[in-house]
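The structure appears below as structure tokens.
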Amino acid sequence: MLRCDAAVDMLLDAHDGTLSSQGRQALKGHLSQCPSCTAFQRSYEHSITLTAQALAVKLPTQVSARIYTGMTQRFRRECAQSPRTDGGSRSC
Amino acid sequence: MVRSEAEAQDVVQETFMSAFRKLDSYRAEAPFRGWLFRIASNASLMRLRTRRRRPEVSMVLRRPSCSEDDCHQRPVVDLRPLVSKSLEDEEPGERLRRSTDALPDKYRSVLVLSDFDHRAMKEIEEELGLSVSAVKTRLHRTRLSIRKDLEGYLAGQV
Ligand SMILES: [Zn+2]
């Protein structure tokens, strides 16, 4: 039977759906007999979900305000530096 | 992908400036969000590349390792109680963000692109100039490390 460490190393491909059918069989067989690895797989999946949630934090209003101010200043600066090619008025 | 708030602000600015400049290259049939995301992650990666390299830290493989007859020396902690929580301002979310912040750049970028950005393996490979197996190894180590940290956090709660 597959060892636990080998089973754990298959979890990435299992999560991706890229595990070979042979690998899937072996992992399935192992999990059906190893409650610890079954629990491990569950916690592996949960931790992926949690990472996505934790990283998707909202931008604090102050931060977005500072970004906006910074951007307007950069737009003005870049615009002032860009040469006019058409002889007309600048669009920015 | 970047670490500090100041850096993130610069990246956002750079993203919108660059998006504005590249607007001609945007194809209307492609999702705008994805297009903008790509520009943002390019801007972050550029920043990571130009930043002075921090000393390379190697990551320990934090999965159960098998001895003669025993593999899981400790019981596996169920992380389900955390899944139902809002991670926005709460402690576990903070803890997780700290764990990801502490990761060496090369591991953090893979994690963010894969598990936050939901990019395909192929894209990550191309973006970071790595082989599939390198991306997978890094991602696996990083996920196991985050999982272990969360386990530690929950175990400390009891
Ligand atoms: Zn097992």
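Computed from the coordinates by the stated procedures, all read-outs in this text should not be read as laboratory data. Here the structure is a predicted model, which means the values were calculated and not measured. Because the Cβ atoms are built from the backbone with ideal geometry, glycine has one as well, and the counts that use them run over all protein chains shown.
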Original post:
Which of the residue pairs A:28/B:106; A:28/B:122; A:28/B:85 have a Cα-Cα distance greater than 28 Å in the structure shown?
Top reply: A:28/B:106; A:28/B:85
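At R0 = 41 Å, how high is the FRET efficiency between residue A:42 and residue B:122 if r is their beta carbon distance? Nearest 0.05 is fine. Walk me through the numbers on the way to the answer.
On the way: r = 28 Å, r/R0 = 0.68.
That pair, residue A:42 with residue B:122, gives E of 0.90.
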Subject >> Estimated FRET transfer efficiency when R0 is 45 angstrom, pair residue B:157-residue A:24 (beta carbons, to 0.05) >> reply: 0.80
Subject >> Cα gyration tensor shape for the range B:90-145, rounded if a/c is under 1.5, else prolate or oblate >> reply: prolate
**OP:** Could you calculate the contour length gain from residue A:75 to residue A:57, that is, 0.36 nm times the residue separation minus the distance between their Cα atoms, to one decimal place in nm?
**Re:** 3.8 nm
Subject >> Segment residue B:94-residue B:132, extension gain: residue separation times 0.36 nm, minus the distance between their alpha carbons >> reply: 10.6 nm
Original post:
With a ≥ b ≥ c the root eigenvalues of the C-alpha gyration tensor of the range A:4-81, is it rounded (a/c under 1.5), prolate (a/b larger than b/c) or oblate?
Top reply: prolate
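Hand me the trypsin sites (Lys or Arg not before Pro) from the range B:67-104 located in a DSSP loop with no more than 16 other Cβ atoms within 10 Å, in residue order please.
Numbers: sites: B:85, B:95, B:97, B:98; in loops: B:85.
For trypsin sites (Lys or Arg not before Pro) across the range B:67-104 that sit outside H, G, I, E and B with at most 16 neighbouring Cβ atoms in 10 Å, the list reads B:85.
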